[in-house]
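Right, one structure below, let's go through it.
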There are 2 protein chains.
Amino acid sequence: MTANTIIPVLINGATEDRVSSLDRGLLYGDGLFETIAVSNGEPVYWSRHMARLQAGCERLGIPWVDADRLADEARGLLQGVDRCVLKIVVTRGTGGRGYRPPPEPQPTRIIQRHPWPDFPARCGEQGVTVRLCEQRLGYNPLLAGIKHLNRLDQVMARQEWTDPDIMEGLMADTNGNLIEGTMSNLFVVQDQVLITPELGRCGVAGIMRAAVMELAGELPLQVALRDFGMTALLQADEVFLTNSVIGIWPVVRLGEHSWPKGKATQQLQQRLADLHREGNRRHDQG
Amino acid sequence: MTANTIIPVLINGATEDRVSSLDRGLLYGDGLFETIAVSNGEPVYWSRHMARLQAGCERLGIPWVDADRLADEARGLLQGVDRCVLKIVVTRGTGGRGYRPPPEPQPTRIIQRHPWPDFPARCGEQGVTVRLCEQRLGYNPLLAGIKHLNRLDQVMARQEWTDPDIMEGLMADTNGNLIEGTMSNLFVVQDQVLITPELGRCGVAGIMRAAVMELAGELPLQVALRDFGMTALLQADEVFLTNSVIGIWPVVRLGEHSWPKGKATQQLQQRLADLHREGNRRHDQG
């Protein structure tokens, strides 16, 4: 996104691109968001995104917004658009007394249509170089897993490097367990087991992470939720990153260490591409 | 603040109460804030608040806004107003690519004039009852001390109770060290030593906290920055809370345990009241 791109926005269903400066989303990060890939005019994994958003609202105590209404609003914003990224933000709205939420919050719904990001195709094809970030993730079990608006950890981490050849930074927790990338989830393959951190104490449980774990079940690939540190990462057979927009990026380099673009990673990429083609075919016929 | 109170707001100097839904303050909590008591039309500890805000901007890599301009804008908003609370928010503005900040951020300055909160006078006079919150503070040394906009920990903690007789909740870090209240800093007095947590790994370094530590130096009271847990809290001679708006609240009860409103706490309250009277007298003569 460049500074002068016009981003179409709906706020509480109205064509409006500004929110109250008293909105708790701004004052406290008191809200949640989803970043949804749109392919052939259709939001990919819409129900999964809605389920996570709803779970996040429940965790924060924000009344759930009507998913049908969100879907209608999203559809309106997507008319005539083939490929883009939909960002949905739900905040607790205004009011309350300081940190204390109001007894009956009126959530703010924000839907933004962003251009498809111009990540080079080679990221998925040839893999990416990553780095290890200095910024750590603190333990916060009551907020772990959900995609809330308190994202300074990620902003600080992403600010650590400017080298355009490094596409992502890995983040460890305060005990040195690797948890995720700044904008992606982290997987390793070791001896035909697909391993990703459990995210019970920090991290965001990505939609593509869940989708990939399911796809792995269709391949002869065991899945394990398990913490691991730098040593296990460097010893892994394959490493890759996932998110809803990038899909799967093989990790091929971190400092002096390199990994091949492995077989399991390629199979998962292939299976994901097939799924999307099937989804598109259904859409074309529908 | 009730839902229908009108809060005068200046945004980047203009009479405007809304911000872009693309502002990074909303999307990521990418910014800082100050809550400043205004007494006799003057912001109390203005320079200290500006110094902390500037330090926060430096920590996050947000260009420092012109403090003189902020002061001018605040003055404009305070005309004819004797007593209120000024809230200043500085965000990194819009732009950037996902979490990655734009190379030349244009910060957003928000100044809001809130009514003076109606905390009962007895809180300072007779002391308050507090509770221990379940929500913990994770370690985050790179963000500790500054007053950034990622405040879900505090929102979650403040949501844990509704009993109006409990005025504040204490928050521990993930190792059980007591760090602060949801909206205040925590002090104990033990054997004539004033102790407050160090805040190197989490917590907000309050302006009133610093002021009270200085005042303690004028009394025969040693000051120590030291972590302590529940046992030390319960054994303390005196316990109190500070923030810029409440000043000093003695803590007199937590569950079944009670503390007296102690001598050191009263001396500090007295010294603080004297200071403010002096400040007001200077202002009246000025």
Query raised in the report: Placing a label point 7 Å from Cα toward Cβ, how far apart in nm is B:E214 from its equivalents in the other copies, listed shortest first to one decimal?
Result: 5.9
**Report entry** Distance between the stretch B:73-132 and the stretch A:192-233 - C-alpha centres, whole angstrom
**Finding:** 41
Query raised in the report: Of the GluC sites (Glu not before Pro) in the stretch A:159-258, which ones lie in a loop per DSSP and count no more than 10 other C-beta atoms within 10 Å?
Result: A:E256
Query raised in the report: Got the B:E134 label distances to the other copies yet, label 7 Å along Cα→Cβ, in nm, shortest first?
Result: 3.7
Report task. Just tell me how shielded B:92-104 is by partners: mean number of partner chain Cβ atoms within 10 Å of each residue's Cβ, no decimals. Result -> 5
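Please work out whether the stretch B:48-158 counts as rounded, prolate or oblate from its C-alpha gyration tensor, where a ≥ b ≥ c are the square roots of the eigenvalues and a/c under 1.5 means rounded, while otherwise a/b larger than b/c means prolate and anything else oblate?
Judged from the Cα gyration tensor, the stretch B:48-158 comes out oblate (a/c at least 1.5, b/c at or above a/b).
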Query raised in the report: Whats the longest run of chain A with zero trypsin sites (Lys or Arg not before Pro) that are DSSP loop and have at most 15 other Cβ atoms within 10 Å?
Result: A:84-225
Report task. Quick one: order B:F119, A:F228 from most to least accessible surface, probe 1.4 Å. Result -> B:F119, A:F228
**Report entry** Shortest-first distances to equivalent copies, position A:S39, nm, label 7 Å out along Cβ
**Finding:** 6.2
**Report entry** Residue order for A:Y99, A:Y45 - accessible surface, 1.4 angstrom probe, largest first
**Finding:** A:Y45, A:Y99
Query raised in the report: Pairing the Cα long axis of helix B:263-285 with the longest principal axis of chain B, what angle in degrees results, from 0 to 90 and rounded to the nearest 10?
Result: 40
Query raised in the report: What shape does the protein assembly as shown have by the C-alpha gyration tensor, where a ≥ b ≥ c are the square roots of the eigenvalues, rounded means a/c under 1.5, and otherwise prolate means a/b greater than b/c and oblate the rest?
Result: prolate
Query raised in the report: To the nearest Å, what is the center-to-center distance of the stretch B:52-66 and the stretch B:242-263, using C-alpha atoms only?
Result: 33
Query - Degrees between helix A:46-60 axis and first principal axis of chain A (Cα, 0 to 90, nearest 10) - result: 70
Query - Filter on A:K147/B:K147; B:K87/B:K147; A:K87/A:K263 - keep pairs with C-alpha separation over 24 Å - result: A:K87/A:K263
Report task. Using a 10 angstrom cutoff on alpha carbons, build the Gaussian network for chain B and name the most mobile of B:G247, B:G138, B:G203. Result -> B:G138
Query - With DNA, RNA and ligands ignored, accessible area of B:C84 (1.4 Å probe; Å², nearest 10) - result: 0
Report summary line: With a Förster distance of 35 angstrom and the Cβ-Cβ distance between A:Q266 and A:Q79, calculated FRET efficiency to the nearest 0.05 equals 0.45
**Report entry** Per-residue mean of C-beta atoms belonging to partner chains within 10 Å, peptide A:157-167
**Finding:** 2
Report task. Can you tell me the relative contact order of the stretch B:83-238? Whole percent, Cα pairs under 8 Å, sequence separation 6 or more. Result -> 19
Report task. Mind checking B:213-226 for the average number of partner chain beta-carbons within 10 Å of each residue's beta-carbon? Result -> 0
Query raised in the report: Just from its helices, what would the mean residue ellipticity at 222 nm be for chain A, if runs of 4 or more DSSP H residues each count -39500 (n - 2.57) and the sum is divided by every residue, rounded to the nearest 500 deg cm²/dmol?
Result: -9000 deg cm²/dmol
Query raised in the report: Given the alpha-carbon gyration tensor of the stretch A:103-261, what are the semi-axes of its equivalent ellipsoid in whole angstrom, ordered largest first, with each equal to the square root of 5 times an eigenvalue?
Result: 25, 19, 18
Query raised in the report: Any idea what angle helix B:67-78 forms with the longest principal axis of chain B, computed on alpha-carbon atoms, 0 to 90 degrees, nearest 10?
Result: 80
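The values are calculated or read from the model by the stated rules, or taken from the named source; none is laboratory data. Computed from a predicted model, the values in this text were never measured in an experiment. Don't worry about glycine lacking a Cβ; one is built from the backbone with ideal geometry, like all the others, and counts go over all protein chains shown. Ligands, DNA and RNA are stripped out before the accessible areas are found, and what is left, the full protein with its side chains, is counted by its heavy atoms. Shrake-Rupley method; radii C 1.70, N 1.55, O 1.52, S 1.80 Å.
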